[in-house]
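The values are calculated or read from the model by the stated rules, or taken from the named source; none is laboratory data. This is a predicted model, so every value here is computed, not measured. A quick note on method: Cβ atoms are made from the backbone with ideal geometry, for glycine too, and the neighbour counts reach across all protein chains shown.
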Amino acid sequence: MVLSSDNVGALAIKLVAPITGRPPSRASQPWLVQVRPTRANGLTKDGCVDALQLRGIAFERFTKRIGVLSSDDLEDVVAAVALVIDLDIGGG
């Protein structure tokens with residue numbers, strides 16, 4: 001899943017988090033966000049966005065867009081990334 005905005009960065013890289021299959025016992029980790037397949041996201045099976053595995057990937061490696069996460073799933077991913085970097089996004 002691509003996390004970085006098209007409007008940020010001078011280098012031709014994108015910040016991504018992998019979507020991986022996880023056994024149910026591991027999917028309860030707070031940095032893993034469960035994502036169910038939908039027509040919009042293009043997934044074919046259940047998966048988890050792993051916010052602990054963020055990395056930069058060269059833009060040239062992207063060939064096509066597979067899909068788009070729902071706003072609810074994206075909010076969950078943002079919260080997981082905030083947890084990983086110890087950022088309080090609760091406004092308190």
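Observations on the model:
- Qualifying residues in segment 68-92 (those that are of a type in the set (D, E, K, R) and at pLDDT 95 or above) - the one surrounded by the most Cβ atoms within 10 Å (Cβ to Cβ): Asp73
- When residues of segment 52-67 are limited to those that are of a type in the set (Val, Ile, Thr) and surrounded by 10 or more Cβ atoms within 10 Å (Cβ to Cβ), the one nearest to Lys14 (Cα to Cα): Ile57
- Some residue of segment 42-53 being hydroxyl-bearing (Ser, Thr, Tyr) and at pLDDT 90 or above: yes
- Test result for Thr38, more than 20 Å from Ala82 (Cβ to Cβ), exposed (fewer than 13 other Cβ atoms within 10 Å of the Cβ) and polar (S, T, N, Q): no
Table: residues versus (1) of a type in the set (D, E, K, R); (2) not in a loop (DSSP other than H, G, I, E, B).
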{"site": "Asn7", "(1), (2)": "no, no"}
{"site": "Thr38", "(1), (2)": "no, no"}
{"site": "Gly56", "(1), (2)": "no, yes"}
{"site": "Asp76", "(1), (2)": "yes, yes"}
{"site": "Leu83", "(1), (2)": "no, yes"}
